[in-house]
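Taken together, the values in this text are just the output of simple stated rules run on the coordinates, not laboratory data. Predicted model, so just to flag it, every value in this text is computed and none were measured. Heads up, the Cβs are rebuilt from the backbone with ideal geometry, glycines too, and the neighbour counts pull from every protein chain shown.
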């Protein structure tokens with residue numbers, strides 16, 4: 001309460017609702033960071049987008065691998081971990097190292113990563129690596 005008025009503070013939630021289930025992007029990010037070899041802390045940004053199939057989950061993952069086979073295997077491993085641990089399908093997009101946006105304190109900013117994805121900033125990297 002401030003001067004007799006209710007004031008709501010805080011930031012917008014990142015909560016994703018997929019098939020009626022509440023899923024936190026931080027949970028998926030942590031699963032990938034701890035279960036997939038070669039993925040470090042703050043290398044993953046997860047968000048949802050409305051697609052023609054409904055609400056879909058996207059995972060932007062910083063990748064240091066250069067061979068197409070190794071990159072494809074990493075994408076498969078990430079998708080498998082997410083399906084196994086969270087029961088959802090995900091579109092995995094590998095992005096170059098140091099491209100996911102962070103705040104001045106080093107925290108990942110999902111909203112900016114999502115905006116960059118929607119602006120097509122990662123499409124060229126992914127298609128050139130495929």
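A few points about this structure:
- The alpha carbon centroids of region 68-88 and region 1-61 are separated by 18 Å.
- Full-stretch length increase - residue 83, residue 69 - with 0.36 nm per residue and alpha-carbon distance subtracted: 2.9 nm
- Here the simple spin-label model places points 7 Å from the Cα toward Cβ, and for residue 37 and residue 15 these points are separated by 3.8 nm.
- With contributions of -39500 (n - 2.57) from each DSSP H run of at least four residues, the per-residue ellipticity at 222 nm computed over the chain stands at -11000 deg cm²/dmol.
- Computed over the alpha-carbon pairs of the chain, the distance histogram in 5 Å steps reads 2, 10, 20, 22, 20, 12, 6, 3, 2, 2, 1, 0, 0 percent, short to long.
- Relative contact order of the chain, defined on C-alpha pairs under 8 angstrom at six or more residues apart (%): 20 percent
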